[in-house]
Each structure stands twice: as C-alpha cells, then as structure tokens.
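This report refers to the structure that appears directly beneath it.
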Amino acid sequence: MMGLIESLFDITYLIVVIGLGIRLILSPKKGAKLFGWMAILLGVGDAFHLLPRVMAHLSPSGFIEYQAALSWGKFITGITMTVFYLLFYFYYSLLSEDYDSKKKWTIFILTAIRIILILSPQNNWGANENYTMGIIRNIPFLIMGILLIIWTYNKKNVVGLEKMSLLIFLSFLFYIPVVLWVDKMPALGALMIPKTIAYVLIVVQGFKYFIKEFKISNLIDMSLTYLVMGLAGGVFYREFTKYFNYTLDNHLSKIHVHTLVLGFIVLLLMYLMVKNFRLDKLSELKRTLYIYNIGLITTIATMTVYGIYDVVGEGQDTINIAALSGISGIGHTLLGIGFIWTMLKIKKLSELKIIKES
C-alpha cells in the first residue's frame, strides 16, 4: 500500500510542478518565465529519479531491476537541482534587487564545483555508488543552500520571498539525513516526501507571487497548459510502451485524450463563454475551477500510475487495484462536482447579464 501511495504522490508532484511551470511561462510578468523554467527543470529533473522509483514499486522484481536507472536518475537530478538553485538566486536578486557581484560569483563557483563533483567517475554511477563521494559532492550544494537561506531570510519582508528561507531550510533539513544515513537506515528514505513537499511549496509561493489575481486570461492560459501537458502525455505513452515493447491496451493511452478534452477543450470553451463578463465577477469561478483542476489532476495521476502498472506489473498483484480505483473515483467525483458547479456559476452570471460595459 505504501508503494501505491508513494507512486501517486510522485506522479502528482511531477504533474503539478511541471504544470505550474508551463503556466508561468505563459505569463507576461517580469521574472515569471524564469521561475517557470525553474519549476519545469525541477519536475523534469526529478522525473529521471522518481519514475524508476514508481516502476520499482509497481514491478514484481522491485528495486533490484531498477537499481542502475535509480542511480543514473540521481545523477541527472543532482545536476538539475543545482541549476534550480542557481536560477533561484537570480529570482532572489530580481525581487530583492540585491546584485552583489560577490554573491553572484560565489553561487557560480559553488554550482561549478558541485557539477564537476557529480560528473566525477569516482561516484560510480549506475553501480555501487561511492558513499564518500555522496557526501563530498553534497558539500558545495549544502553551502549554496545555507547562503540562500541566509540571504532570503534577510529579505523576508520582500514580497515573493516571505517564506522562501523556511522552505529552503526544510528541504535541506529533510535531505541531509537521507544523504548521510539512508544506506544504514533505509526507512530514512521516507524523508524525501516532506523534502518534495517543501519544493512544491517553493514553486507554489513563486506562482502566487506572479499569478495574484483571477482574470479572464487565466482560463486561456490554463487551457494552453493542459494542451502542452496532453501532448507530453501522448509522447510519454508512445515512448514508454515502445521502450518495454508493450503492445496491449493500457491506461497510458487514455492520458492524451483525457487531458486534451477535459483540460484544453473544456477550459477553452469556458473561456469563450465568459470572455465578455465583467472582470470583478469572474472571481466567483475561482473556487469551482480549483475543485475541477484538483479532480482532473487526480484523475490523470491515477491513470498514469495504472498505466505504468499495466506495462511493468506483468499481470501480478503488485498494488492494491481496488484502492487505486477508489482514489480514481474520488478524482472523477471532484471533476464532476467542479464542472457542474462551474457551469451553474456561468449560467447564473449569464442570467444576471454580468457583461462588460462597452
């Protein structure tokens, strides 16, 4: 059961972080695209490590079969996380207007040292990793984190940086014990979940800074976000099944259509329905659309986990299908409630003739 929960958590995390990143790239606000690429880099990089973990949970052979993939996933994630904090420094500089050249070069140097250490063959990636190198390569990363915690804490009153020092601190607080002792105490690997939650909250804080109000453009941008996610889901289905030479029907084939229809097309139609409504009344749709999006994301996440299980599970009961179906049912229920409630809100606003003045 824990394997199923972690798998759903990991897939949901990837969908949310990458989705928010795409949404931010569509924003015209200064700095939004930078933060959007940060979020996408975070999600895509973590996917190289988290997807093998999901496959290991859903496969009858477990983690043994995916040991090399997990190791190389850590290699890629190590690099992308380092670049993520490099980009976060530029986000910090933009908001705080702190352009101290010494700070900038310190971050550049620590980034370079960290990446060089990750690229070192002494790590023995893909096999039995070198424990000592695991500690050494994380030293410059930890220094980067400490510096960013201090700098953002000193600027905690700046809008957009209020909680960042705490969230970065928590991410390292949960990460360090895993690096130091997970080989001797595998249960410490569970700390990666709260660490991941801290990263999600970092992205959410940045998203809330750039997307502060609910506007008509939010609907079209959400629609376009789901368009990209739907196309990406189609590519993932094709390449994942091709890699495993899997030709039978599976749930991954449904991601493409569900995301495009329920995400892209439905939200596009909603945009066309309300584009002439007064802006001060559109906020009434905010809560109902949140429910709709939560339902849709839950549905896509369960569909993805089920599809991966179809491919790697070899027909064996490696997960609780009834529990997965129950969670999927919750997602569908929220999706239905959000859709009906939103349409009723639109109908009410239409009957009241809440139209923009010409």
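The values are calculated or read from the model by the stated rules, or taken from the named source; none is laboratory data. Note that the structure is predicted; figures quoted are calculated from it, not measured. Heads up, the Cβs are rebuilt from the backbone with ideal geometry, glycines too, and the neighbour counts pull from every protein chain shown. These area figures cover heavy atoms from the full protein model, side chains too; ligands, DNA and RNA do not enter into them. Shrake-Rupley method; radii C 1.70, N 1.55, O 1.52, S 1.80 Å.
Restricting segment 330-358 to residues that are hydroxyl-bearing (Ser, Thr, Tyr) and in a helix (DSSP H, G or I), which is modelled with the highest pLDDT? Among them, the one singled out is 333. Residues of segment 150-178 that are buried (at least 17 other Cβ atoms within 10 Å of the Cβ) and more than 22 Å from the chain's Cα centre (by Cα): 151, 152, 155.
Residue by residue, here is whether (1) under 26 Å from the mean Cα position of the chain (by Cα); (2) within 26 Å of residue 47 (Cβ to Cβ) holds:
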position: 268; (1), (2): yes, no
position: 274; (1), (2): no, no
position: 284; (1), (2): no, no
position: 289; (1), (2): yes, no
position: 293; (1), (2): yes, yes
position: 302; (1), (2): yes, yes
position: 314; (1), (2): no, yes
position: 328; (1), (2): yes, yes
position: 343; (1), (2): no, no
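When segment 144-161 is filtered for residues that are among the polar types (S, T, N, Q) and either touching a helix residue (DSSP H, G or I) at 6+ places or on another chain (Cβ under 6 Å) or assigned to a loop (DSSP other than H, G, I, E, B) (or both), the ones remaining, listed by number, are 152, 157.
Let's see how each residue does on (1) out of contact with any strand residue (DSSP E or B) (no Cβ under 6 Å at 6 or more places or on another chain); (2) among the aliphatic types (A, V, I, L, M); (3) surrounded by fewer than 18 Cβ atoms within 10 Å (Cβ to Cβ); (4) over 16 Å from residue 12 (Cα atoms):
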| residue | (1), (2), (3), (4) |
| --- | --- |
| 246 | yes, no, yes, yes |
| 269 | yes, yes, yes, yes |
| 282 | yes, yes, no, yes |
| 299 | yes, no, no, no |
| 317 | yes, no, yes, yes |
| 322 | yes, yes, yes, yes |
| 333 | yes, no, yes, yes |
| 345 | yes, no, no, yes |
| 348 | yes, no, yes, yes |
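Residues in segment 278-300 that are over 18 Å from residue 339 (Cβ atoms) and not polar (S, T, N, Q): 278, 279, 280, 281.
Let's see how each residue does on (1) of a type outside the set (S, T, N, Q); (2) closer than 29 Å to residue 26 by Cα; (3) touching a residue at least 40 places away in the same chain (Cβ under 8 Å):
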| site | (1), (2), (3) |
| --- | --- |
| 177 | yes, no, no |
| 183 | yes, no, yes |
| 191 | yes, no, no |
| 205 | no, yes, yes |
| 210 | yes, yes, yes |
| 220 | yes, yes, yes |
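The residues of segment 187-233 that are farther than 16 Å from residue 20 by Cβ, assigned to a helix (DSSP H, G or I) and of a type in the set (Lys, Arg) amount to a single one, 195. Within the span defined as segment 190-212, one or more residues are open to solvent by 40 Å² or more (accessible area, probe 1.4 Å) and in contact with a Pro (Cβ under 7 Å, 6 or more places away or on another chain). In segment 270-283, the residues that are assigned to a helix (DSSP H, G or I) reach residues that are modelled with pLDDT under 75 and open to solvent by 60 Å² or more (accessible area, probe 1.4 Å) with C-beta atoms within less than 8 angstrom, at least six apart or across chains, in these pairs: 279/356.
Whenever a residue of segment 87-108 is farther than 11 Å from residue 148 by Cα, its partners that are assigned to a loop (DSSP other than H, G, I, E, B) and among the β-branched types (Val, Ile, Thr), lying with C-beta atoms within less than 6 angstrom and at least six residues away or across chains, give the pairs 95/158; 96/158. Applying the condition of being surrounded by fewer than 22 Cβ atoms within 10 Å (Cβ to Cβ) and more than 19 Å from residue 83 (Cα to Cα) to segment 16-35 and asking which residue is nearest to the chain's Cα centre (by Cα) yields 16.
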